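No lab work stands behind these numbers, since they all come straight from the coordinates. Since we're looking at a predicted model, the values are computed, not measured. Here the Cβ positions follow ideal geometry from the backbone for every residue, glycine too, while neighbour counts run over all protein chains shown.
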Amino acid sequence: MQFRVLGCSGGQIPGQHLSSYLVNGSLLIDAGSVTAVLSLKGQQKIRNVLVTHVHLDHVLSLATMADNLFGFCQAAVNVWGLQEVIAGLHASFFNDTLWPDFTRITGDSQSWPVLSFHNLPEDEPIPIGNVTVTAVRVHHLVPSTAFFIENDKETLLHVGDTGPTEKVWAMARRRKNLRAVVVETSFPNRLQNIADISRHLTPQVLAKELEKLGRPSVPILVTHLKPQFRQEIIAELKKLKNPRIKILKQGESLAL
Ligand SMILES: [Zn+2]
Ligand SMILES: [Zn+2]
């Protein structure tokens, strides 16, 4: 499984892109920055999009991607999320006010809608493209999701924005072929209060979450650092002296 980091920043400044990850070139996880990074050709290869939650930093470029693909789309791009996530995309984003409803629009050069929305069941494996995806609810200000993404040989666990959580770690403890866990750390330890209120992790709370996970040989790929605190968070992560923790880098491609 090829995992490419298009953007992994918890905020946007020049050169640091918002959350977007590409699996095997055609499965997108979140759409914070896909149109800022991928060429039109690259965008045309996307067949499925998994949305962790409806915060703008994770869905922003679904708008610009739908616009770009209109007239250049051989089949609708399937957008998958928990029922509340899909309902939120419809009601608050693709609502014909903030942005046109690209699940309905067709026209001269485009005979079917560019986007097709699908509810994902919780905790149940569903085939999507050439992988199987299991959505598990995590704990954020709005409904947010972790995805187990697996093929015959490898499993990637991608955890969306979350504060401390339980179920996904219990499931990951016994998951076969777990190759990597992507998890956020948004704030430094001194901002624990704001992290708690906004349901994000700090390095000290990440350490506790990793104890719940166990699996000491599985790499932990840390993401969603807020750019204004990046150096401070990295210094605190290093102090944990946990050799399996790696900070994800924008642009890197990992073969899992
Ligand atoms: Zn969020
Ligand atoms: Zn976020």
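General remarks:
- Among Ser61, Ser198, Ser33, residue whose mean-square fluctuation peaks in a GNM of the chain (springs only between Cα atoms under 10 Å): Ser198
- Note on Leu56 and Ala255: the model spin-label points, each 7 Å out from Cα along the C-beta direction, lie 4.0 nm apart.
- Quick note on the stretch 133-256: its Rg to Rh ratio, both from C-alpha atoms and Rh being the Kirkwood radius, is 0.94.
- Taking the chain and dividing mean pair separation by its residue count, relative contact order in percent (alpha carbons under 8 Å, at least six apart): 18 percent
- Degrees between helix 230-239 axis and first principal axis of the chain (Cα, 0 to 90, nearest 10): 40 degrees
- Overall shape of the stretch 2-255 was characterised from the C-alpha gyration tensor. The equivalent ellipsoid obtained from it has semi-axes of 30, 19, 17 Å, in decreasing order.
- Restricting attention to the chain, close to 55% of DSSP beta bridges with both partner residues there are antiparallel.
- In the elastic network of the chain, a GNM with C-alpha springs shorter than 10 Å, the most mobile of Phe229, Phe70, Phe148 is Phe229.
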